[in-house]
1. Identify all residues within region 209-246 that are closer than 26 Å to Val170 by Cβ, in a strand (DSSP E or B) and without any contact (Cβ under 8 Å) to a residue 24 or more places away in the chain; write none if there are none.
2. Any residue that is buried (at least 20 other Cβ atoms within 10 Å of the Cβ), touching a residue at least 40 places away in the same chain (Cβ under 8 Å) and in contact with a strand residue (DSSP E or B) (Cβ under 9 Å, 6 or more places away or on another chain) - is there at least one of those in region 262-275?
3. Among the residues of region 173-192, is any surrounded by fewer than 17 Cβ atoms within 10 Å (Cβ to Cβ), assigned by TED's automatic domain parsing to the domain that holds Gly220 and at pLDDT below 95?
4. I'd like the full set of residues that are surrounded by fewer than 13 Cβ atoms within 10 Å (Cβ to Cβ), closer than 12 Å to Gln140 by Cα and of a type in the set (D, E, K, R), limited to region 252-261.
5. So which of Ala287, Ala319 ends up being surrounded by 15 or more Cβ atoms within 10 Å (Cβ to Cβ), under 18 Å from the mean Cα position of the chain (by Cα) and either more than 30 Å from Pro26 (Cα to Cα) or among the aliphatic types (A, V, I, L, M) (or both)?
6. Looking at this structure, is Gly165 assigned by TED's automatic domain parsing to the domain that holds Leu236, within 23 Å of Gly234 (Cβ to Cβ), assigned to a helix (DSSP H, G or I) and of a type in the set (Gly, Ala, Ser)?
7. Please determine whether any residue of region 217-239 is within 17 Å of the chain's Cα centre (by Cα), at pLDDT 95 or above, buried (at least 16 other Cβ atoms within 10 Å of the Cβ) and not aromatic (Phe, Trp, Tyr).
Amino acid sequence: MPLKKEITVKKIRLIHVGVGGRGKWPVRRVTEREDFESVAFVDVNEANLNAALEVSGLPESACFRSLQVALERVEAEAVVVITPPHLHAAQCLEAVRAGKHVLVEKPFALSLADARQVVQEADARGVRVAVCQNARYAAQSVTIHRLVREGVYGRPAFGLMTKYGWRPGVHHSGKVRHSYLWERGIHDLDTMRFLFDAQPARVWGHSFNPSWSPYGHGAGAHAWVAFEGGATCGYLCTFAAHKGGSSLRIELEGGTLEVVGRDLLLRRPGAEADEVIPPDPAPPAEAVLLDGFYRYVTEGVEPEFGGHNNLTTVGLVEAVGVASDEMRVVDFQKFLRG
């Protein structure tokens, strides 16, 4: 009987920058995988570091207070950046300039110019950058994306996305201009791009901040996106509403697709009742991100959430803000080119 050949998986050694809050998930997930290995943690909070050590089993010597020191003392191929958004661009550049690949939490950066600089410097040094845009990988979104891409119900014509919620605190965005757009809109608009499977062509927006909002600016946004090919989508989302709720509806040639709770519904033209569309199998978003990042680093295949691709999402958020500030419709492709 022939011996079973053992398959060796190349491990990517990771320095984690920010291991509290959202930074907990990569620490936990890496312990379950053979293709990544955590080798260092960087955080300014002692409790966060101790919790990461407990999960990973690493020694106290793996903890650092600055990325610079960790890069000097630890051998690693990549850096995971999950820190407050205003730190992302500088920390990504620090890692890239040290020759490390980067997986960064959304938003990639707080400006298109900063995000573009990171991508350009990464390209110049031959390293990869990817962004944790996990929201698009929900089962309902994955299913709609496939139905639109394959033209199962014809071409999309128009749609509407709404999200209402309340944030009791301001997280990291209390003083950020267009706070909702950069904190949550970065996911909403990325998902919208994914659902319509098309590039934005024109953008209008209105960022608003109700009197009771704890945010300094822009706790909600109206927007309208026209895609290449003619489809349009309206948008009204906020985290300063007294009552929560959300909706998503896309009108196509062959019917209406609508998300209601956990269900994806189809209403065919002339029908009097909805059909329930079974969701496509969708692996956990965290697994999608790590799988895609690993392949990007080892094979050079850029995922949908790669840095180059994510420039469109960052640009879309910024364009909505510019449309609001300047009270105009933005030619998006011209805006994206700079």
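The values are calculated or read from the model by the stated rules, or taken from the named source; none is laboratory data. Source: prediction; values computed, not measured. When we count neighbours, we look across all protein chains shown, and the Cβ atoms used for this are built from the backbone with ideal geometry, even at glycine.
1. Within region 209-246, just His222 meets the criteria.
2. yes
3. Checking region 173-192: at least one residue is surrounded by fewer than 17 Cβ atoms within 10 Å (Cβ to Cβ), assigned by TED's automatic domain parsing to the domain that holds Gly220 and at pLDDT below 95.
4. The answer is none; no residue qualifies.
5. Every option except Ala319 fails the conditions.
6. Taking the combined requirement at face value, the residue does not satisfy it.
7. First pass over region 217-239, keeping only residues within 17 Å of the chain's Cα centre (by Cα): 237.
After this cut, where a residue has to be at pLDDT 95 or above as well, the list is 237.
Of the ones still in play, those that are also buried (at least 16 other Cβ atoms within 10 Å of the Cβ) are 237.
Narrowing the set further to residues that are not aromatic (Phe, Trp, Tyr) leaves 237.
Among the residues of region 217-239, at least one is within 17 Å of the chain's Cα centre (by Cα), at pLDDT 95 or above, buried (at least 16 other Cβ atoms within 10 Å of the Cβ) and not aromatic (Phe, Trp, Tyr), which makes the answer yes.
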